[in-house]
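In what follows, a structure is listed as structure tokens, so that the remarks can point back to it.
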Amino acid sequence: MRFLLNMRILADAFEQANIDAVLYNENTELHLEEVRLAAPCREEQPRRNKAGEDEGSGLSENKEKSPVRTEFVYVVRGEEFAECAECLTGADLIVIGEMKPEEIPAENCVLCIPEERSASFILGFVQDVFAKYREWDWNVQKALLERDPLDKMLLASIGIFKNPMFIHDNNFYILSDPMHIPEMSSWERDTRTGRSIVSLNTINDFRTDFEYLEGLKSKKPVLYSSNQTGYRILYRNLWIGNHYVGRVLADELRSAVRPGNFYEIDYLGKLLEESISSKRLIWLSVAGEFDEFLQSCISDNTVEEQTAMRHLQYLEWELTDCYTAMQIITVQQEFSMVSAYSTIGQIETQLPQSKAFLYGNSIYVVVNLTKGSEPPENFAWRLSVVIRESLLKVGVSSEFHNFLELPNACKQAGIALEFGRVSDSTYWYYKFDDYKLDYIIRCATRELPANMLCADALTKLKEYDLENKTDLYNTLRVYLKLEKNVLQKSKELFIHRSTLAYRLDKIQKIMNLDLNDSKERLKLLISFYIENGSI
């Protein structure tokens with residue numbers, strides 16, 4: 001996306017420079033990139049060879065002319081207009097000299113400069129206008145690459161609009177106000193968040209104002225009257241699809257709003273919308289506050305519901321969506337600030353429905369599985385390049401269905417990292433579900449030694465095997481491992497099914513328990529896992 005001009009914007013530039021200009025047949029399309037000096041249409045002189053013979057003009061019999069370039073505006077002197085008119089049919093023109101309306105071809109958009117000015121002066125002036133807008137476009141686009149770009153975008157735009165500008169979200173929180181002047185409305189400080197917000201009185205006035213309410217529906221620039229504020233406000237609503245997310249505004253306090261400003265603020269709004277959709281620009285503009293909120297969720301081990309709902313609305317996430325959380329660490333000592341933000345940007349690009357933030361020496365990521373288009377199984381593949389290049393390890397929580405569970409989910413991700421790095425050090429992607437039993441057993445053995453958590457009956461069985469040179473302990477392990485697959489059990493133990501049945505009957509008598517009891521089987525399974533590290 002880039003900003004192109006039209007004749008209205010050029011007419012505004014002449015007016016600002018106090019150069020009289022009259023616009024005919026206005027075209028609203030933004031399509032102009034450069035200015036050219038038009039030359040009268042003359043037939044090409046015949047070319048002659050060395051012998052002085054006529055070789056022809058080089059033009060066809062139909063005398064075809066080079067087509068006009070729609071991206072160019074052509075400067076032509078009034079006295080030469082008649083000679084140029086045929087060549088410039090359909091072109092945008094700047095004509096120097098007096099012209100009557102009936103002399104203007106209907107096919108051309110024409111800006112007349114009645115006063116005497118040299119063609120070179122007008123050409124240079126218009127070149128400067130194009131250069132000014134190219135620089136503005138470059139600056140606002142470059143600002144989008146910044147982590148907190150809104151102030152830079154508006155500061156770059158003040159020279160275009162000649163008025164103070166600001167941006168607020170759909171809850172009237174001020175996202176950017178880099179040039180606040182006394183004549184503007186004053187903001188209040190929201191006691192809950194510490195952020196600037198439009199005053200409650202002003203909000204209440206707007207919510208009962210028909211003009212304001214009608215303006216909320218607009219997807220084009222609007223000039224709000226001075227009835228409420230005492231000055232007019234040019235604004236452009238910001239949308240994600242059909243969802244209103246905020247507004248960019250220019251207060252008419254230093255310079256009168258010009259027609260070209262409508263095109264300019266519309267372009268600025270489109271840039272913001274594109275970035276909101278792809279990079280969540282408004283989200284990034286309050287990233288500091290939201291990161292602090294997420295960090296506090298982890299450190300305080302709690303999530304305040306209303307605060308969470310207020311933050312989630314920016315991403316159109318719901319409290320009860322399905323989520324998963326990740327903790328990411330570097331194999332190196334710790335993240336540098338530069339590498340951390342670079343990695344965060346890469347992660348959010350690879351996982352569009354995610355929010356990544358730095359906490360301590362780790363990057364945490366919250367992924368919305370409800371809004372995402374891919375299953376969690378694809379995340380490892382999605383992140384593989386980022387992880388490999390940055391030498392990272394990733395712990396992944398179970399799925400959770402309420403954002404209020406975020407602190408516990410982050411703990412799960414950390415536990416997955418801890419256990420995974422010990423038992424599977426060559427891997428880089430660890431899921432909590434794969435280490436859940438290890439964690440349960442570790443928690444249990446913190447209070448009691450492992451031997452006191454195992455089933456006493458297993459001790460009896462091991463003693464019997466030792467005294468009688470039998471293999472009943474292993475028989476029971478395979479039986480529990482393979483559950484009801486009798487054929488597979490027999491194959492693994494290299495015995496017949498009838499032999500297996502005989503052994504199981506003997507095991508139950510020795511241990512004095514019923515293997516059909518699911519609780520007994522579970523206790524035995526856990527005991528085997530504690531004793532052997534696996535089933």
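Just so it is clear, none of the values below were taken in a lab; they were calculated from the coordinates. For clarity, every value in this text was computed on a predicted model and none was experimentally measured. Please note: Cβ atoms are built from the backbone with ideal geometry, for glycine as well, and neighbour counts cover all protein chains shown.
Any number yet on Rg/Rh for the chain, C-alpha, Kirkwood?
Values: Rg = 37.0 Å, Rh = 30.1 Å.
My calculation puts Rg/Rh at 1.23.
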Crossing angle, helix 7-16 versus the chain [Cα axis fit, 0-90 degrees, rounded to tens]: 70 degrees
Residues Val478, Val76, sorted so that the one with the fewest Cβ neighbours within 10 Å comes first: Val478, Val76
Percent breakdown of C-alpha pair distances by 10 Å bin, ordered from the shortest bin, for segment 286-445: 10, 43, 37, 10, 0
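Any chance you could run the full-extension gain for Thr89 through Glu33? It's 0.36 nm times the residue separation minus the Cα-Cα distance, nm to one decimal.
On the way: separation 56, 0.36 × 56 = 20.16 nm, distance 1.84 nm.
In short, 18.3 nm is gained.
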Helical contribution to [θ] at 222 nm, DSSP H n ≥ 4, -39,500 (n - 2.57), averaged over the chain, rounded to 500: -13500 deg cm²/dmol
Across Lys162/Lys220; Lys152/Lys393; Lys436/Lys481; Lys132/Lys220; Lys132/Lys355, pairs whose alpha-carbon gap is larger than 26 Å: Lys152/Lys393; Lys132/Lys355
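If you take every DSSP beta bridge whose two residues both sit in the chain, what share of them, in percent to the nearest 5, is antiparallel?
Working: 46 of 63 bridges.
Percent antiparallel among DSSP bridges in the chain is about 75.
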Hull-based mean projected area of segment 450-532, where the convex hull spans the alpha carbons, in square nanometres: 5.1 nm²
Virtual spin-label span in nm between Glu211 and Glu374, 7 Å along Cα→Cβ: 5.0 nm
Cα-based helix-to-principal-axis angle, 518-532 vs the chain, degrees rounded to 10: 80 degrees
Efficiency of FRET between Ala119 and Leu4 - r from beta-carbon atoms, R0 22 angstrom, step 0.05: 0.40
